[in-house]
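*Asks:* I have a structure I would like to understand better, so I am pasting it below and will then ask my questions one at a time.
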Amino acid sequence: MKRYDLRPLKDNFYDRMFELIKNDICEGENAIFLFEIGDFSPIQKVADMVKENNYTLMNSLKFNEVDWTVVIKKSAPAIEESVQEESVEE
C-alpha cells in the first residue's frame with residue numbers, strides 16, 4: 001500500500017492521482033490519496049473516475065475540515081473478462 005499527499009495541488013489533483021495509479025501502483029495494490037476539498041464535488045468526480053477506469057474505491061472519508069482521504073485498489077477489470085467469457089460460450 002502506498003500513500004500520496006496531493007493537498008499541495010489543491011483542485012488540480014485528478015490528473016496526478018490517475019497518473020500515479022496507472023504508473024506507480026501495481027495490479028492488486030491499494031493506494032491512499034489525501035487531497036483538499038472546498039465543496040464535495042471532488043469526491044463525486046473521483047468516484048466517477050475510479051469507476052470509469054475499472055478501479056475499486058475501497059474507502060472515502062473526511063480527514064478533517066478541509067482534507068479528504070480515498071483508498072483506491074488497482075484491480076484487473078474482472079467484469080469485462082467474465083462478460084467476454086459469456087459471449088464466447090453463447
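*Asks:* Within segment 17-38, can you find the residues that are surrounded by fewer than 15 Cβ atoms within 10 Å (Cβ to Cβ) and more than 11 Å from residue 67 (Cα to Cα)?
*Replies:* Hits for segment 17-38 are 19, 22, 23, 24, 26, 27, 28, 29.
*Asks:* Would you please list the contacts, defined by Cβ atoms under 9 Å and residues six or more apart or on different chains, that run from a residue in segment 58-71 that is over 15 Å from residue 7 (Cα atoms) to a residue that is part of a loop (DSSP other than H, G, I, E, B) and among the hydroxyl-bearing types (Ser, Thr, Tyr)?
*Replies:* Listed by first residue and then by second, the contacts come to nothing, as the list is empty.
*Asks:* Can you list residue pairs whose Cβ atoms sit under 7 Å apart, with the first residue in segment 25-45 being under 11 Å from residue 13 (Cα atoms) and the second being hydrophobic (A, V, I, L, M, F, W, C) and in a helix (DSSP H, G or I)? Count only pairs 6 or more apart in sequence or on different chains.
*Replies:* What qualifies is 33/17; 37/43.
*Asks:* Which one is modelled with the lowest pLDDT among residues in segment 6-16 that are outside any helix (DSSP H, G or I) and surrounded by 13 or more Cβ atoms within 10 Å (Cβ to Cβ)?
*Replies:* Result: 13.
*Asks:* Filter segment 19-57 down to the residues that are assigned to a helix (DSSP H, G or I), within 15 Å of residue 4 (Cα to Cα) and either aliphatic (A, V, I, L, M) or in contact with a Pro (Cβ under 6 Å, 6 or more places away or on another chain) (or both) and list them by number.
*Replies:* Passing the criteria: 20, 21, 46.
*Asks:* Name the one entry in 65, 85 that is part of a helix (DSSP H, G or I), of a type outside the set (Ser, Thr, Tyr), exposed (fewer than 15 other Cβ atoms within 10 Å of the Cβ) and at pLDDT below 95.
*Replies:* Selected residue: 85, the only one of 65, 85 that is part of a helix (DSSP H, G or I), of a type outside the set (Ser, Thr, Tyr), exposed (fewer than 15 other Cβ atoms within 10 Å of the Cβ) and at pLDDT below 95.
The values are calculated or read from the model by the stated rules, or taken from the named source; none is laboratory data. What you see is a predicted model; the values in this text were computed from it and never measured. No Cβ is skipped: glycine too gets one built from the backbone with ideal geometry, and neighbour counts run over all protein chains shown.
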